[in-house]
Structures are given as structure tokens and as C-alpha cells.
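Worksheet for the structure shown next.
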Amino acid sequence: MKQFGSMLAAVASAALIAGVAHAGGPTVVADDAPVAAAPEAIDWSGLRLGIAFSKPTGDNFWAERSLSAESSADDWSGTMPSVSVGYDWQHGNLVYGAVLSVHGGDMNANPTTGSIFGCTGCETSVDKLATLRGRLGWALGKTLVFASAGAARANALGSAGDGTVTTGEDKLSGWIAGLGVEHFISQKLTVSAEYLHTDLGRLELPTSCFVDCYTDIEFGMVQLGINYRW
């Protein structure tokens, strides 16, 4: 009889617990799911050294003032490798700095004679390009999106007769501006891609054509580089 009473009490207790659970009684709360660690902050400030290769875009033509005549334009060609040194500062996501670049190699174009334009074997060449630019960007973790602008200087040469006669040569100064993106691929290395537009002004060609010729030195550059950051 005593055993029967114990069994009855156990059944009653189980029924009571089931009824409370069914009626929306206390619910066991699971532990909070683990929170993922925040991504490591990327510091873009400091010194950087880079190398890059650039391909020119755009074209070049020669013009005659007295006749208002122009040659047919020709595309710029060539490859311009460069080395650069720069420094960046960072405030929150804002990154700003400066970069000095020196380009080797050269680029050239061969505008052809127009119907009333009297130049044979014309060629325009640009080399010894150096630029000093300010940069302003926005950091997105390992990626930096930026704009840059500054001063540019290069040697420009005009020749005729398939390069046998120099018709004009000068050191030209102008401006350069563009957009780019840079991305960390390791703790110290980044890769970058930029589009830069350069305008060096006008090269006078006093001994070419009929009387008074010139060419405007203006071109774009698509540039890919790799940088080491300290």
C-alpha cells in the first residue's frame, strides 16, 4: 500500500509538470550564440614604396595655326614603368597623403598628314615623366578607394621625317588627376589599380609644317602596381 502511494505521488508530480509546460510555464533559455570576433582593424598610415606599369590612352595630333589645319590623330603607344614613394595618414576611415612618382620608358604617337597639312613622318614623344600628387581616400577594411591630383612634368619632343628632324622639344609642366583602388594582399603588401589623366599643355613646333605648328600633350594612363608598406 505504501508502494502504491509512492507511485501515485510520482504520477501526480509528472502530470503536474506536463500540465504546467503545456500551459506555457517556465521555459529554459539557451545560452546566447557565440558572437563572431570583429574584423581586425587595418592601419593605412605610414610610409610606402611602390612600382607600377602604365599604358597610355588617348591620341595626339598636330595643328597649323595659319591654315587652321590639323593632322589625323594617332593613338598613344608605349609602356611607362614607374617607382613611387609616399606617406599616408589615417583619421577614422579617412586616409590622406602624398606620393611622388618617377616614370621611365616613353610613349609616342605618329599623327598622319591631313589633306592640307604639310608634315611627313610626324612623331610626338613623351618621356621622363615625374608627378607629385595628393591623395584622399576612404578605407573599407583591407580596401582603400581614393582620388588623387597634383602636378606633372615631362620632356616632350616633336620630330618629322620619321624621326630624322627635330621640330620642337621642351620640358612641359601641367597637372595630373585620377581615381584608384588599393588592396592589402598580405600584412605589408598591397596591389593597386589607377586611371590617371595628364595634361602637359602645348608643345610648340616652330620648324615644322608651313609656318606655325603645335601639338597639345594630353593623355590618360591605366596603371597597375604593387606597394610595400611600413
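Every number here is computed from the coordinates shown, using simple stated rules; none is lab data. Nothing here was measured: the structure is a model prediction, and the numbers come from that model. Neighbour counts are summed over all protein chains in view; Cβ atoms, including those assigned to glycine, are modelled from backbone coordinates with ideal geometry.
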What length, rounded to one decimal in nm, is gained on full extension from D162 through to S72, with 0.36 nm per residue of separation minus their alpha-carbon distance?
-> 30.8 nm
³J(HN,Hα) across the range 214-227 via Karplus (A = 6.51, B = -1.76, C = 1.60, θ = phi - 60°), whole Hz, x for Gly/Pro?
-> 7, 9, 8, 9, 8, 7, x, 9, 9, 10, 10, x, 10, 10
Residues V95, V165 arranged by fewest to most Cβ contacts within 10 Å = V165, V95
Within a Cβ distance under 12 Å of L49, other residues only, what is the Lys/Arg minus Asp/Glu net charge?
-> +3
Backbone HN-Hα couplings from phi across the range 152-166 [Karplus 6.51/-1.76/1.60, Hz, Gly and Pro as x] = 9, 8, 7, 8, 10, 9, x, 9, 10, x, 6, x, 8, 10, 7
For the range 187-195, just list the computed ³J(HN,Hα) in residue order, Karplus coefficients 6.51, -1.76 and 1.60, θ = phi - 60°, integers in Hz, with x standing in for Gly and Pro.
-> 4, 10, 9, 10, 10, 9, 9, 9, 10
Can you list the residues, at least 5 places off or on another chain, whose amide H is less than 5 Å from the amide H of G118, using H built in the peptide plane?
-> F210
